[in-house]
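Following: one structure in structure tokens, then a few remarks.
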Amino acid sequence: MIDGYEDPGTPDRRGGARFLWWLVTRQPGRCAAGAMFGSVWMVLLAATPYLMSRAIDEGPGDMGAVAAWSGALLAVGVFNAWLGTVRHRT
């Protein structure tokens, strides 16, 4: 857990990149978690149109497949909404 009241030290103010690097070195776990959550979130955003296309392509005549793909789309959407919140808070 990160102590919000702990003195983080003197920031490196010689430029934007150096300041960002200083932030990353002070919170490496949080930066790694944020990068991982953001990457998974973006992949799932790309998976949403694929799942929708599968539901549409298998739709004519097979309502069981449409229901299955629609359920997968709903599950990915709900998980992605939760993941977006976690990513934002990290």
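Tabulated data for the structure shown
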item: Residue that is surrounded by the fewest Cβ atoms within 10 Å (Cβ to Cβ), among those in segment 31-90 that are among the basic types (Lys, Arg) and out of contact with any Leu (no Cβ under 9 Å at 6 or more places or on another chain); result: Arg89
item: Filter result for the condition that a residue is hydrophobic (A, V, I, L, M, F, W, C) and over 17 Å from the mean Cα position of the chain (by Cα), over Ala46, Ala55; result: Ala55
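Where a number appears in this text, it was derived from the coordinates with a stated rule and is not lab data. Just so we're clear, the structure is a prediction, and the values are computed from it rather than from any experiment. We place every Cβ from the backbone using ideal geometry, glycine too, and count neighbours over all the protein chains shown.
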